[in-house]
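Please read the structure below before turning to the comments.
Every read-out reported here was derived from the displayed coordinates using simple, explicitly stated rules and does not represent laboratory data. What you see is a predicted model; the values in this text were computed from it and never measured. Cβ placement follows ideal geometry from the backbone for every residue including glycine, while neighbour counts extend to all protein chains displayed.
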Amino acid sequence: MNGNPQLGPDGQLRHLLSIEGLPKEILLQILDTARPFVSVTEREVKKVPLLRGKSIFNLFFEPSTRTRTTFEIAAKRLSADVVNLNIATSSQTKGETLLDTVANLSAMHADMFIVRHAQSGAAHLIARHVGEEVHVINAGDGRHAHPTQALLDMFTIREYKGAFTDLRVAIVGDILHSRVARSEIHALTTLGVPEVRVIGPRTLLPARVSQLGVHVYHDMEEGLRDVDVVMMLRLQSERMNGALLPSAEEFFKYYGLTPEKLAHAKPDAIVMHPGPMNRGVEIESSVADGRQSVILPQVTFGIAVRMAVMSIVAGN
Amino acid sequence: MTLPDAERLLDRLIDQIRPDIRPESALVGIHTGGVWIAQRLHIALGLRLPMGTIDVAFYRDDYKQKGLASAVRPSDIPFSVENAHIILVDDVLYTGRTIRAALNEIFDYGRPTSIRLAALVDRGGRQLPICPQYIGAEVTVAAQESVELRRDSAGHLSLTLVRPS
């Protein structure tokens, strides 16, 4: 038994739980497989028969419209049957445990679970308890990981920038609470990006972030200087009520992406955001809708990348 | 046995296909060998419509047994399939399963008026009711052997018999 619960004995991807611990070859296999799926989604019939007859359960214990929808579309474009389960309407509110929920759905012959949960490690827990033929994809767990977001961002970067090996990438905002940021950092370093920067106030940066091999900046203009890619993070509004931030206006002043701050990046730098955006908090509308923004292509590519992940794990 | 010369078989295919060409004719090559042949046919036949390429990985019937192939290439059909006369091109025709997958994929682009099948070599062994209209040659090889089309740096095509090691 090998130590990585995501990989089968043959080293192939069985579950996608986190980017951490995945070899570069598997990340590249996913990105390469996503490319032909982009072509599929541009056709008249945007569907292939790969997962015909498979039942995929979207288990969302935390609200998310975009991620759930893109997983649902991706599954449908692979011809799978999709069932969406939202916590508010599920029996979890009646006291059923997570594993009981999964056991019951497995008894209904589920083939794959897409899991979003506020608790870090929820997808890992499920993956340890499902049968051999069942696959689990983490759609975001607590502060831990959001691997498909990182993969679709890597796909977007490769589409616009080509190779990873001569890029300077800055991740800006609330790094501390962001599962997206953690997954991005692991993906970027695994794919060989030589310089990854994180930019944010001290209160929103984890104490040991530099151990992940990133450069830390508190001054945004300095941090953006000569970067090729600017990855903005969503500032979760609940953080602003606590002691971490004085106000949204204050955050915008120092860390909101404006055309003036973006001017310090390379002229052809791309601007990314995982959505949903807080316009006027972490990003100004003129940048979000501007020439350098690739925020909508990220959404389109997200479907192809999720199709790639599902069809790879379901075949292994 | 010795395999026939691929370049001569290509000339035969050109001669067979030429009388059937009409303005709505278009070639679709199946990756990888079929694409090489389609590229050569496309130039030789001077077709008006651009040629298409398909990778049938998303339509294969052995996904459950083998999983998804690595290195799937994007399919690209740059003409309107609706009302087209398509000539599907493959290098080696064997069980017919690849052709079945390719037919299904083409229909996800639209409804062609007709599809005909061209193969450089037909090694028999069909497992589905699929029959080529144009073939360079029929060859007989043992079940455990495979016939491979290769292309050198000058673009020259050749056939090789691959035995299990």
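Tabulated data for the structure shown
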quantity	calculated
Two-decimal log10 I(q)/I(0) for the protein assembly as shown, as the Debye equation yields it once each C-alpha is a single scatterer, q = 0.06, 0.10, 0.13 Å⁻¹	-0.34, -0.84, -1.17
Distance-filtered residues of region B:1-30 - backbone nitrogen under 20 Å, label point 7 angstrom along residue B:113 Cα→Cβ	B:17-29
Angle in degrees between helix A:179-190 and the longest Cα principal axis of chain A, rounded to the nearest 10	90
Theoretical FRET efficiency, 1/(1+(r/R0)^6), r = Cβ-Cβ of residue B:144 and residue A:254, R0 60 Å, to 0.05	0.30
Sum of -39500 (n - 2.57) over DSSP H runs of 4+, divided by residues of chain A (222 nm, nearest 500)	-11500 deg cm²/dmol
Angle between chain A longest axis and helix A:295-315 axis [Cα atoms, degrees, rounded to 10]	30
Lys/Arg +1, Asp/Glu -1 at C-beta; chain B dipole; positive extreme among B:106, B:158, B:78	B:106
Amide hydrogen neighbours beyond the local backbone of residue A:197, cut-off 5 Å, H modeled	A:169, A:170, A:171, A:215
Those residues of region A:197-240 whose amide nitrogen sits under 12 Å from the label point placed on residue A:143, 7 Å along Cα→Cβ	A:203-209
Virtual spin-label span in nm between residue A:66 and residue A:79, 7 Å along Cα→Cβ	3.1
At R0 = 41 Å, FRET efficiency that the Cβ-Cβ distance of residue A:291 and residue B:69 yields, to 0.05	0.60
Extension gain (nm, one decimal) between residue A:129 and residue A:104, 0.36 nm per residue minus Cα-Cα	7.8 nm
Nearby lysines by direct alpha-carbon distance to residue A:253 (threshold 24 angstrom, same-chain neighbours under 8 apart not counted)	A:261, A:266
Nearby lysines by direct alpha-carbon distance to residue A:46 (threshold 27 angstrom, same-chain neighbours under 8 apart not counted)	A:54, A:76, A:161, B:64, B:66
Given charges at beta-carbon only (K, R positive; D, E negative), |dipole| of region B:27-165 in Debye	60
Three-way shape label, region A:146-301, alpha-carbon gyration tensor, a/c 1.5	rounded
Alpha-carbon centroids, region B:97-165 and region A:259-316: separation in whole Å	42
Where labels lie 7 Å past Cα in the beta-carbon direction, separation of residue B:158 and residue B:20 in nm	3.0
Nearest-20 debye value, the protein assembly as shown charge dipole, Cβ charges on Lys, Arg, Asp, Glu	480
Helix axis angle, A:98-107 relative to chain A longest principal axis, alpha carbon, degrees	40
Charge dipole (debye, nearest 20) of region A:236-315; +1 at Cβ of Lys and Arg, -1 at Cβ of Asp and Glu	220
